[in-house]
1. When you scan the stretch 24-31, do you find a residue that is in contact (Cβ under 8 Å) with a residue 40 or more places away in the chain, acidic (Asp, Glu) and over 19 Å from Val84 (Cα atoms), even just one?
2. Starting from the stretch 49-71, keep only residues that are on the phi < 0 side of the Ramachandran plot and free of Cβ contacts under 8 Å to residues at least 40 places away in the same chain, then list their pairs with residues that are acidic (Asp, Glu) and assigned to a loop (DSSP other than H, G, I, E, B) whose Cβ atoms are within a distance under 7 Å, requiring at least 6 positions of separation or different chains.
3. Residue by residue through the stretch 1-39, note down the ones that are more than 28 Å from Gln111 (Cα to Cα), surrounded by fewer than 18 Cβ atoms within 10 Å (Cβ to Cβ) and touching a helix residue (DSSP H, G or I) at 6+ places or on another chain (Cβ under 7 Å).
4. Does the stretch 60-82 include one or more residues that are β-branched (Val, Ile, Thr), closer than 23 Å to Asp25 by Cα and either surrounded by fewer than 17 Cβ atoms within 10 Å (Cβ to Cβ) or at pLDDT below 85 (or both)?
5. Test of understanding: among Ile85, Ile4, Ile33, which residue is within 15 Å of the chain's Cα centre (by Cα) and assigned to a loop (DSSP other than H, G, I, E, B)?
6. Could you please tell me which pairs satisfy a Cβ distance under 8 Å, a separation of 6+ or placement on different chains, a first residue in the stretch 32-45 that is free of Cβ contacts under 8 Å to residues at least 60 places away in the same chain and within 12 Å of Ala11 (Cα to Cα), and a second residue that is loosely packed, with under 14 Cβ neighbours inside 10 Å and among the small types (Gly, Ala, Ser)?
7. Suppose we filter the stretch 7-26 for residues that are under 15 Å from Leu56 (Cβ atoms), out of contact with any His (no Cβ under 8 Å at 6 or more places or on another chain) and part of a loop (DSSP other than H, G, I, E, B); how many remain?
Amino acid sequence: MFHISARTEYACVAMLDLARHFEQDDPVRIREIAGRHGIPSRFLVQILLQLKAAGLVQSIRGAGGGYRLARDPQEITLLDVMRVINAQPEKIAGNATSNSAVSEVLQGSWQHVSDAGTELLEALTLGELAEKSGSHSIPMYYI
């Protein structure tokens with residue numbers, strides 16, 4: 001019911017990637033996230049800067065630099081990410097031009113569906129999604 005823009009989906013994918021690396025001390029590089037998920041790097045830089053300005057991610061400078069979540073993934077919801085990228089998820093709106101009883105009932109139903117979608121997004125944390133995606137942290141390989 002919600003329209004998910006490419007920008008919003010890329011932001012959610014990047015945040016979920018960072019959630020999966022949360023337990024590791026090393027920040028994640030943009031090119032690693034972009035490469036794993038097929039996100040254009042230039043686009044990802046803009047998205048991560050927006051998320052950083054909102055306090056959802058931190059950037060670390062230097063040769064070993066990159067990005068990491070600013071707080072625990074269990075405290076960040078999909079709605080948090082969507083609000084940063086879109087300002088607000090799109091509401092479902094009808095196209096009826098009359099104010100008849102039927103159109104008012106339908107408009108109320110559309111609003112109810114929209115509110116339920118918002119509640120679901122608010123209940124889904126990055127931590128839960130990271131667990132569903134395989135594991136909370138990525139295995140480390142030592143050479």
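The values are calculated or read from the model by the stated rules, or taken from the named source; none is laboratory data. Values in this document were obtained by computation on a predicted structure and should not be read as measured data. Using ideal geometry, Cβ is built from the backbone for each residue, glycine included, and neighbour counts are taken over all protein chains shown.
1. Taking the stretch 24-31 and keeping what is in contact (Cβ under 8 Å) with a residue 40 or more places away in the chain, we get 24, 26-28.
Retained after the next criterion (residues that are acidic (Asp, Glu)): 26.
Imposing the further condition that a residue be over 19 Å from Val84 (Cα atoms) reduces the set to 26.
Yes, the stretch 24-31 contains a residue that is in contact (Cβ under 8 Å) with a residue 40 or more places away in the chain, acidic (Asp, Glu) and over 19 Å from Val84 (Cα atoms).
2. Pairs found: Gly64/Asp26.
3. Just the residues of the stretch 1-39 that are more than 28 Å from Gln111 (Cα to Cα), to begin with: 14-39.
Restricting the remaining residues to those that are surrounded by fewer than 18 Cβ atoms within 10 Å (Cβ to Cβ) gives 23-26, 29, 31-32, 35-38.
Arg31, Arg36, His37, listed by residue number.
4. First pass over the stretch 60-82, keeping only residues β-branched (Val, Ile, Thr): 60, 76-77, 81.
Okay, now just the ones that are also closer than 23 Å to Asp25 by Cα, so 60, 76-77, 81.
When the remaining residues are screened for being either surrounded by fewer than 17 Cβ atoms within 10 Å (Cβ to Cβ) or at pLDDT below 85 (or both), the result is 60.
Yes: the stretch 60-82 contains one or more residues that are β-branched (Val, Ile, Thr), closer than 23 Å to Asp25 by Cα and either surrounded by fewer than 17 Cβ atoms within 10 Å (Cβ to Cβ) or at pLDDT below 85 (or both).
5. Unique residue meeting the criteria: Ile4.
6. From residues that are free of Cβ contacts under 8 Å to residues at least 60 places away in the same chain and within 12 Å of Ala11 (Cα to Cα), the pairs are Ala34/Ser41.
7. 1
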